[in-house]
Amino acid sequence: MSILVDKNTRLVVQGITGREGAFHTARMVEYGTKVVAGTSPGKGGAAVHGVPVYDSVSQAVHHTGANTSVIYVPAAGAPDAVYEAVSAGIHLVVCITEGVPVLDMIKVRAFLDQKGARLVGPNCPGLITPGEAKVGIIPGDIVIPGPVGIVARSGTLTYEVMYALTMRGIGQTTCVGIGGDPINGTSFIDCLRLFEADAATEQVVLIGEIGGSDEEQAAAYIRDHVKKPVTAFIAGETAPAGKRMGHAGAIIEGGAGTAAEKIRILRAAGVRVAQHPEQIADLVAASM
Amino acid sequence: MKLHEYQSKRIFAQYGIPIPRGEIATTPSEARRIAEELGGRVVIKSQVLVGGRGKAGGIKLAKDADEAEGLAGRILGMDIKGLKVETVLVDAAADIRQEIYLGVVIDRAACRPVLMASAEGGVEIEEVARTNPSAIVKTHVDPFLGLRSYQTRDVAIGIGLARCLWKAFHKIAAGLVECFVGSDASLAEINPLVITGDDGLLAVDGKMLIDDNSLFRHPDLAALRDASEGTWAEAEARRFELSYVDMDGEIGCMVNGAGLAMTTMDLIKLSGGAPANFLDIGGGAKSDKVAAALRIILADARVKAVLLNIFGGITRCDEVAAGILEALQQVETNVPMVARLVGTNADEGRSMLADANLLTATTLLEAAQMAVAAAHGAS
């Protein structure tokens, strides 16, 4: 069992002929993901690493039965790629692209909510269900199947945690990178709800950072609805106020969104909070 | 990206928002000429990208052109929170009866822009939020419907605005939302919006932040960037598309990924040190970018040790190693460096660095502890 992606995932890669799209298509195919199609307007009929290319997502869905899409197109075109995928009937869209303007994301979110479709990202590493499917850019060799669900706002920091768990022989059901933008498609709460309902997931790791109030809302949700043990880590204790720390969403505004406050609220909700990423593995091992 | 007050107000004016008559000056004599043209009392306002200009003495009222010239002479060149005043705005002084606050920001939790107003203008909205939150009236802006007139009426009623001002208030609020959306802003703020003695409304001070991610479609706004925004290192990092924030510690760090870069800083502190900077080289960085990053870190004389933490994914550790070697050829340094390379091509990267006299670490915590020990040994 797992959440969102598994062996039934039939993936279409939007922007498959680009540098990033082609490179990561090869990695996803190698991993065993069912990459059934790619799109690149004007290049229909070509193939990339053996994957057939179509001019549009609706053609790709029609010919291959694709049910999930991953987007590698540049920021200016990414919102359109989301609209196209959802309009073609795709229910899970994963947007890797970094740098999408926040006002575009506001419209995308309103559109998704109307259509009942799910977006993971943007500005995220995607997701991986070890041994079944890898959708995005998470390295396949640092995960193993097991009982821990991971949800995170960052990329490489999450790799650290996966690696630390894997090194200790602790595997994962699914790892989801929800992205570092101020407005994104999937929240911590969405993933917590899915992990809580997933029979194979025994505990959850949540990796947050400064900025916004996603972690605070997740804490309230955990307190009221999550019975499985949750371990968290919050990055940015040393971050100064008012400065954007790389991620567009990682900024302490008007004194709100500090790491100390998030940690305090998570602890009050019964979440164990690690002091550093490697300690997450200790805490997870202790409650197995 | 932050805009100056005068830039923000000029953009407001394009959206029909009334602003005081005024011009910018870079010399006292220019300030005199502007004050003469405006006639009467003027306000001399330093244009620097920090808050608290008034308290720092960077905003003064002049009764005539003579005084304007003298005050401009004192304000130009003044140091406000580390920034030198190069430009002043000379505005006609407003006849202020009351000050209110009007602003638009993104409400992340609601996934909508939100218009906020308060009868307590002239003070920071965060201050009002702390001391008197009920004084702030809010309304969300639907991305497809925009701001409707009933909403601005509700806000006007909420802040106790006189009926005779509702129409003018709607025009300004709707203009501000249009300006916010049209400029891809993350903040558009009029503080204070002044009710004048003759029952008019006037945007006396303005502030805008533009979403950096949107600058590709706003070349006109991108051209407004003040090259002096932030420190030298931050401006230099921007040139190489590196994400960099200055800190005041002694350990420079270079990391791939924003979350991991913040965590690396946190672990330096946990190990008893203090980070000199935040630096994310981004995904898939090539050697020239890595070399630029290391040059920027080493240009900071306070740096007593450098910590390089790379978790290879799209970023290849051998590319990073090549960049480090390139930088070390360009910059002579005896600052101790700790490198931790994991993931894609880490073995190749480590063997390239073997002869470069770098310390190597396996885990992140170990790397942070080694960097702190090296910094303290060096100082």
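Below, the figures for the structure above:
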| quantity | calculated |
| --- | --- |
| Qualifying residues in segment B:40-56 (those that are of a type outside the set (D, E, K, R) and modelled with pLDDT of 95 or more) - the one farthest from the chain's Cα centre (by Cα) | B:42 |
| Residue under evaluation residue B:302, criteria (1) surrounded by fewer than 19 Cβ atoms within 10 Å (Cβ to Cβ); (2) within 12 Å of another protein chain (Cβ to nearest Cβ); (3) touching a residue at least 40 places away in the same chain (Cβ under 8 Å), criterion not met | (2) |
| Within segment B:254-282, tally of residues that are part of a helix (DSSP H, G or I) and of a type outside the set (A, V, I, L, M, F, W, C) | 5 |
| Which listed residue is without any contact (Cβ under 8 Å) to a residue 12 or more places away in the chain and in the same structural domain as residue B:254 (by TED's automatic domain parsing), from B:288, B:355, B:318 | B:355 |
| Within segment B:361-379, tally of residues that are of a type in the set (S, T, N, Q), more than 15 Å from residue B:312 (Cβ to Cβ) and exposed (fewer than 13 other Cβ atoms within 10 Å of the Cβ) | 1 |
| Matching residues, segment B:238-281, being more than 9 Å from every other protein chain (Cβ to nearest Cβ) and of a type in the set (Lys, Arg) | B:238, B:239 |
| Which numbered condition residue A:150 fails, given (1) under 22 Å from residue A:218 (Cα atoms); (2) outside the structural domain of residue A:173 (by TED's automatic domain parsing) | (2) |
| Test: residue in segment A:206-213 that is crowded, with 20+ Cβ neighbours inside 10 Å and hydroxyl-bearing (Ser, Thr, Tyr) | no |
| Given (1) closer than 29 Å to residue B:183 by Cα; (2) away from every other protein chain (no Cβ under 14 Å); (3) at pLDDT 95 or above, index of the condition residue B:84 fails | (3) |
| Which numbered condition residue B:54 fails, given (1) in contact with a helix residue (DSSP H, G or I) (Cβ under 8 Å, 6 or more places away or on another chain); (2) under 24 Å from residue B:188 (Cα atoms) | (1) |
| Residue satisfying condition, being surrounded by fewer than 24 Cβ atoms within 10 Å (Cβ to Cβ) and over 24 Å from the mean Cα position of the chain (by Cα), within set B:358, B:267 | B:358 |
| Selected residue (only one of A:75, A:88 is more than 30 Å from residue A:171 (Cα to Cα), of a type in the set (A, V, I, L, M), within 14 Å of chain B (Cβ to nearest Cβ) and out of contact with any Cys (no Cβ under 6 Å at 6 or more places or on another chain)) | A:75 |
| Matching residues in segment A:107-160 - criterion: being of a type in the set (S, T, N, Q) and within 30 Å of residue B:112 (Cα to Cα) | A:114, A:123, A:154, A:156, A:158 |
| Long-range neighbours under 6 Å by Cβ, at least six apart or interchain, first residue without any contact (Cβ under 8 Å) to a residue 24 or more places away in the chain within segment A:240-268, second of a type outside the set (Asp, Glu) | A:241/A:252; A:243/B:245; A:244/A:251; A:267/A:273 |
| Residues of segment A:187-205 that turn out to be surrounded by fewer than 24 Cβ atoms within 10 Å (Cβ to Cβ) and under 10 Å from the mean Cα position of the chain (by Cα), as a count | 1 |
| Filter result (aliphatic (A, V, I, L, M) and either farther than 17 Å from residue B:253 by Cα or not in a helix (DSSP H, G or I) (or both)) within segment B:309-321 | B:310, B:314 |
| Selection within segment A:93-123 - more than 16 Å from residue A:190 (Cα to Cα), in contact with a Gly (Cβ under 7 Å, 6 or more places away or on another chain) and either among the hydrophobic types (A, V, I, L, M, F, W, C) or facing chain B (nearest Cβ under 8 Å) (or both) | A:95, A:96 |
| Subset of segment A:13-47 that is of a type in the set (Lys, Arg) and in contact (Cβ under 8 Å) with a residue 12 or more places away in the chain - its residue that is surrounded by the fewest Cβ atoms within 10 Å (Cβ to Cβ) | A:43 |
| Options B:261, B:237, B:293: the member that is in contact with a Cys (Cβ under 9 Å, 6 or more places away or on another chain) and within 30 Å of residue A:72 (Cβ to Cβ) | B:261 |
| Count of segment B:335-360 residues which are in a loop (DSSP other than H, G, I, E, B), at pLDDT below 90 and touching a strand residue (DSSP E or B) at 6+ places or on another chain (Cβ under 7 Å) | 3 |
| Qualifying residue in segment B:177-188 (condition: away from chain A (no Cβ under 12 Å), of a type in the set (Phe, Trp, Tyr), under 18 Å from residue B:15 (Cα atoms) and surrounded by 19 or more Cβ atoms within 10 Å (Cβ to Cβ)) | no |
| Lone unmet requirement of (1) exposed (fewer than 15 other Cβ atoms within 10 Å of the Cβ); (2) touching a His at 6+ places or on another chain (Cβ under 6 Å) for residue A:50 | (2) |
| Close pairs from segment B:119-136: first away from chain A (no Cβ under 12 Å), partner surrounded by fewer than 13 Cβ atoms within 10 Å (Cβ to Cβ), Cβ under 6 Å, at least 6 apart | B:119/B:160 |
| Hits in segment B:54-74 (condition: closer than 19 Å to residue B:8 by Cβ and buried (at least 21 other Cβ atoms within 10 Å of the Cβ)) | B:58 |
| Helices (runs of 4 or more DSSP H) fully within segment A:187-276 counting 2 or more residues that are touching a Cys at 6+ places or on another chain (Cβ under 6 Å) and within 12 Å of chain B (Cβ to nearest Cβ) | none |
| Conditions (1) over 24 Å from residue A:185 (Cβ atoms); (2) more than 12 Å from chain B (Cβ to nearest Cβ); (3) surrounded by fewer than 21 Cβ atoms within 10 Å (Cβ to Cβ); number of the one not met by residue A:141 | (2) |
| In segment B:280-302, the residues that are touching a helix residue (DSSP H, G or I) at 6+ places or on another chain (Cβ under 6 Å) and hydrophobic (A, V, I, L, M, F, W, C) | B:281, B:290, B:291, B:294, B:296 |
| Number of the exception - residue B:288 against (1) surrounded by fewer than 24 Cβ atoms within 10 Å (Cβ to Cβ); (2) within 14 Å of chain A (Cβ to nearest Cβ) | (2) |
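The values are calculated or read from the model by the stated rules, or taken from the named source; none is laboratory data. Everything numeric in this text was worked out from a predicted model, so none of it was measured. Heads up, the Cβs are rebuilt from the backbone with ideal geometry, glycines too, and the neighbour counts pull from every protein chain shown.
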